[in-house]
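Below is one structure, written out as structure tokens; the observations come after it.
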Amino acid sequence: MPSITTSKVSRWDQHGREHVVQVRKSGMTRQLTCATCAWRRSAQFLPWLKAEEHLAEAHQATVDPTA
């Protein structure tokens, strides 16, 4: 049975709201799930980039809290 690990990509919008995409890894694929709008997508390559793109396009959330 493959191990399952999770991480997240968070960005803030211009109103100060946090938007999060959970990245869940199981085997070779990763499942992306947006906590704000329940958007889901599977990704094998560059899942964090796809999560950042979703946050920027769907929620205008571009401010990286770690920067």
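Values in this text are rule-based calculations from the coordinates and carry no lab data. Everything numeric in this text was worked out from a predicted model, so none of it was measured. Positions of Cβ are generated from backbone atoms using ideal geometry, with glycine treated the same way; all protein chains shown enter the neighbour counts.
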Practice problem: Go through (1) 4.5; (2) 4.0; (3) 5.8 and flag the label whose value is the computed mean projected area of the Cα convex hull in nm² for this structure. | Solution: (1)
Exercise. Would you calculate the separation in nanometres between label points at M28 and W12, each defined as 7 Å from the Cα along the Cα-to-beta-carbon direction?
Key: 4.0 nm
Quiz item: Against the longest principal axis of the chain, how steep is helix 47-59, in degrees 0 to 90 to the nearest 10, with axes from Cα atoms?
Solution: 30 degrees
Self-check item: Contour minus Cα-Cα distance for A35 and A67 (0.36 nm per residue)
Solution: 9.4 nm
Exercise. Work out how much length A58 to A43 would gain on full extension: take 0.36 nm times their residue separation and subtract the Cα-Cα distance, in nm to one decimal.
Key: 3.6 nm
